[in-house]
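K.L.:
Questions regarding the structure given below will be posed in turn.
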Amino acid sequence: MKPTVFFLALLLGATTVFGQADAPPPASGVEKNATAAPVISSTSAPGETIRIKSPAATPAVVPSTEAETVRLWNLIKSGGWAMWPLGLMSVITFMMVLVNIFTLRRSAILTSHYMQTADVLLKKRDYLGLLAISSRHSEAVARVVQRTLDFATKNPSASFEIVREIAESEGSGQAAALQHRPTYLADVGMLSPMVGLLGTVTGIIKSFGVLATGQAEKSRDVLLASGVSEALVATATGLVVGIIAFAAYAHFRNKVQGLISDMEGAAAHVLGLIALNYNKKREQSRVALEDDF
């Protein structure tokens with residue numbers, strides 16, 4: 001996997017989470033009128049004057065998106081120190097979601113073009129040609145075939161059982177690599193609620209610590225408000241990050257299981273063709289030995 005994917009995902013995630021830190025203050029919701037409404041006078045008859053007053057202009061309302069952004073950022077800052085590690089975990093979650101979206105594809109496991117080429121070359125018993133083609137492909141099945149044929153060509157006297165064990169071991173390694181990628185999301189999903197809970201405890205400790213100082217000029221509710229707000233914001237943020245991370249982990253875990261099934265089916269097909277060629281080679285060797293006798 002190229003490190004450029006991780007860098008771009010990390011940069012995009014950091015921009016998304018922390019990009020609102022320097023948001024401008026909210027604009028006024030109502031713009032004041034610069035001039036009063038004009039009054040139009042006209043005379044319809046001698047001695048009679050008709051005064052027509054224009055309707056009051058409707059005040060222009062500025063969208064409140066910027067104000068909501070500032071309020072959200074202030075709410076995040078009120079969560080205390082726990083928001084920093086939780087913000088980092090949210091960036092990691094966003095980065096890993098992007099990485100898994102771009103890497104966990106069926107084309108990264110097998111392609112129809114490669115399987116058709118492998119089928120034709122194995123039927124022709126062109127092991128070296130298939131070995132050269134497999135080394136130029138990045139699919140997981142190509143890695144299994146390359147490892148198997150490399151061992152088979154270097155050890156022509158090895159039995160098919162040994163060749164099959166080599167293929168199974170390489171396939172297990174490729175499957176483990178696929179299963180390992182979404183586990184970072186599960187780790188974030190377990191750690192983020194714990195960090196939020198720690199922020200909750202520190203916020204409650206802060207509240208009761210302020211009460212213990214004996215500040216009589218403020219009410220008890222005012223003294224408790226700051227710490228309790230910090231505790232609740234930290235808890236909510238930890239739960240939100242954890243739920244999103246676990247949901248993404250469940251999705252990619254199921255997707256990995258399907259990709260592993262496809263890889264196992266393709267590897268079994270290749271091993272079946274190799275087994276047929278091994279049986280033909282043994283029959284030819286037995287006939288040649290009988291002719292010699």
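K.L.:
Please report the orientation-averaged projected area of segment 98-187, defined via the convex hull of its C-alpha atoms, in nm².
P.N.:
6.6 nm²
K.L.:
Give me a comma-separated list of calculated 3J(HN,Hα) values for segment 129-141, in order, Karplus coefficients 6.51, -1.76, 1.60 applied at θ = phi - 60°, integers in Hz, x for any Gly or Pro.
P.N.:
x, 5, 5, 5, 5, 5, 5, 9, 9, 9, 5, 5, 5
K.L.:
As I understand it, the dipole of segment 89-283 uses +1 on the Cβ of Lys and Arg and -1 on the Cβ of Asp and Glu, about the Cα centre. Which of A140, A225, A118 lies farthest toward its positive end?
P.N.:
A118
K.L.:
Hey, if you put +1 on the Cβ of every Lys and Arg and -1 on every Asp and Glu Cβ in segment 89-283, which of L197, T235, G272 ends up farthest toward the positive end of that dipole?
P.N.:
The residue sitting most towards the positive pole is G272.
K.L.:
So, one more: Viscosity 1.002 mPa s, temperature 20 °C: what is the translational diffusion coefficient of segment 89-283 from Stokes-Einstein with a Kirkwood Rh over Cα pairs, rounded to a whole number of µm²/s?
P.N.:
104 µm²/s
No lab work stands behind these numbers, since they all come straight from the coordinates. Computed from a prediction, not measured in an experiment: that's the story for all the values here. All Cβ positions, glycine included, derive from the backbone under ideal geometry; neighbour counts span all protein chains shown.
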